[in-house]
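Participant: Mind having a look at this structure? Questions to follow.
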Amino acid sequence: MKFKLLFVLLIIITRLNGQVMWQIKKDTVVKWYYYDGDEFDQSYPDTLKWYPAYSYSKMNYDFGFLMQSKRIVLENGLCKFMAYRDTGLFNVPEWQVPTFEKDYKKKMLPGDKIQYLFTLGTIWSRQEYNKGYFEIRFKTTDSYGMWPGFWMYGTNQKDEIDFFELKGEKKRSIHIDVHCPEGCDNNYRGGGLFSKRFGGWIKTTEDLNISYNVLSGEWQDGYVKWYLNGKGIGYFTGDFASQKMSLIAGMGLAIDGKAFAPGVNKTTVFPNSLDVDYIRVWYKNETSKENILGIKHKQFYYYNSEIGNSKPRKKKRQIKKVFKQDLLTVSLLPSIEKKFILTSLGENIKYQLVITELSGKELLKENINTTFKEINLAGLTTEVKVKVKLYLSYHTIEEVITIK
């Protein structure tokens, strides 16, 4: 392998034990620090971190489904957001009774009960997050009419960033969008000559229900960017009133005559699920984790099966221009027993990894051309600092990390 080194970017940390990510572009390298998320490596949902439903309601009654914590199933390092056809009666919580009496009075039954048709699993973060980089690794259902999503919501200003909305019958499509009270998604120019409504379906090269793909959303001042397996798929220019937003993921379903129709029908297979390997939140600046709710993850994993590499089928000229400098997004996260997970996302994964002692003694040297790579430094018997080097066609990146 031949490497052309144009310049060297030297980055050194000694406190984070390798919780770092680089967005590697032709003209620069942007560094991110892991802040929060969920590896779903427990046997039950982290209810200190997540509400097991929408925070403003336990029921999306307009679509006939109830969100229940029992429909969030954790097993083998995966979180399965389940959907069941499950007709029954639900006691409306006391604090919601006035709203239901106003909107659904004719449908309420004695004892403040409401009938529902389906039960689903969804999580809503108790914590609101600042602008950052939001990442999910997932495999979706292919059941007709199902409508899983991953998005952010500003509870005060009702701003919304839809990182993805999927439909079971659209196996090779991702819907992205933004919403805000003042209509930021209308009359959108986005660098073009004519205005239009922002948002829409993006066709992909592979079925999203077969393997695990990584969808990432970058929310910063003035823009939102969308990535599928490190490849740019969408770009919105604009700001929101919200400075922080909650993070939501889970199952939903459509019904005929409402948003994202067609809805579920007799052919829809139940139960079905949105399977999630991990959700991760990255910030551009090192931020204290003292106030993080729930588990503060220090060890990281990936579900070693069915690794997807889907990408947008076609890119519009504007999208090509926005992302033309992008090369790779590479993260380095500690696992167990002096092991690290190296994740590489992008169009052409091809670089060299070298790890040395600070004295210069070489410990490991490998050519990287896969999405996930386990780096094993178990031969180091004591806590020690090592230098990690990534040699790419445009950059050399160096990082000093502590092996514990």
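Participant: Could you tally the net charge around F150, taking each other residue with its Cβ under 9 Å from the Cβ of F150, Lys/Arg +1 and Asp/Glu -1?
Facilitator: Working: positive: none; negative: D162, E165.
Combined, the nearby Lys, Arg, Asp and Glu give -2.
Participant: Further, regarding this structure: What dipole magnitude, in Debye to the nearest 20, does the chain give about its Cα centre under +1 on Lys/Arg Cβ and -1 on Asp/Glu Cβ?
Facilitator: Details: 59 positive and 45 negative charges, 259 e Å.
Using Cβ point charges on Lys, Arg, Asp and Glu, the chain gives about 1240 debye.
Participant: At a threshold of 8 angstrom on Cα-Cα distance, excluding pairs fewer than six apart, so keeping six or more, what relative contact order does the stretch 232-386 reach in percent?
Facilitator: On the way: 144 pairs, mean separation 25.3, N = 155.
It rounds to 16 percent for the stretch 232-386.
Participant: Ok, one more. Quick one: compute the contact order of the stretch 38-283, relative version, from alpha carbon pairs under 8 angstrom and 6+ residues apart, as a percent.
Facilitator: Details: 591 pairs, mean separation 65.2, N = 246.
Answer for the stretch 38-283 is 26 percent.
Participant: Can you give the local net charge around R280? Use residues other than it whose beta-carbon is closer than 11 angstrom to its beta-carbon, Lys and Arg +1, Asp and Glu -1.
Facilitator: Combined, the nearby Lys, Arg, Asp and Glu give -4.
Participant: Check the chain for me: any Cys whose beta-carbon has no other cysteine beta-carbon within less than 4.7 Å?
Facilitator: Isolated Cys, the chain: C79.
Participant: Okay, next question. Nearest 500 deg cm²/dmol is fine: what mean residue ellipticity at 222 nm does the chain get from its DSSP H runs of n ≥ 4 alone, each adding -39,500 (n - 2.57), divided by its residue count? Present the calculation step by step, with values, prior to reporting the outcome.
Facilitator: Numbers: 2 runs with 14 residues, N = 404.
Per the formula, -1000 deg cm²/dmol.
Participant: Also, quick follow-up: Using per-residue counts of other Cβ atoms within 10 Å, averaged over each peptide, order 355-362, 156-163, 369-376 from highest down.
Facilitator: Values: 355-362: 11.0, 156-163: 19.0, 369-376: 14.6.
Highest-to-lowest ranking by the protection proxy: 156-163, 369-376, 355-362.
Participant: In whole Å, what is the distance between the alpha-carbon centres of the stretch 115-190 and the stretch 320-337?
Facilitator: 23
Participant: So how do 266-273, 146-153, 112-119 stack up, highest first, on mean other-Cβ count within 10 Å?
Facilitator: Numbers: 266-273: 16.1, 146-153: 23.5, 112-119: 18.1.
Those peptides, ordered most packed to least, come out 146-153, 112-119, 266-273.
Participant: Can you match Cα extents along the principal axes in Å to one of these, [x] 91, 81, 45; [y] 61, 47, 45; [z] 76, 54, 39, based on a calculation from the structure here?
Facilitator: [z]
Participant: Reachable lysines from K315, Cα under 25 Å, same-chain residues fewer than 8 places away excluded?
Facilitator: K25, K26, K139, K167, K170, K171, K196, K203, K225, K231, K324, K350
Here, each number is a calculation from the coordinates, and none is a lab measurement. Everything quoted here is computed from the prediction, not taken from an experiment. Cβ atoms come from the backbone with ideal geometry, glycine included; neighbour counts cover every protein chain shown.
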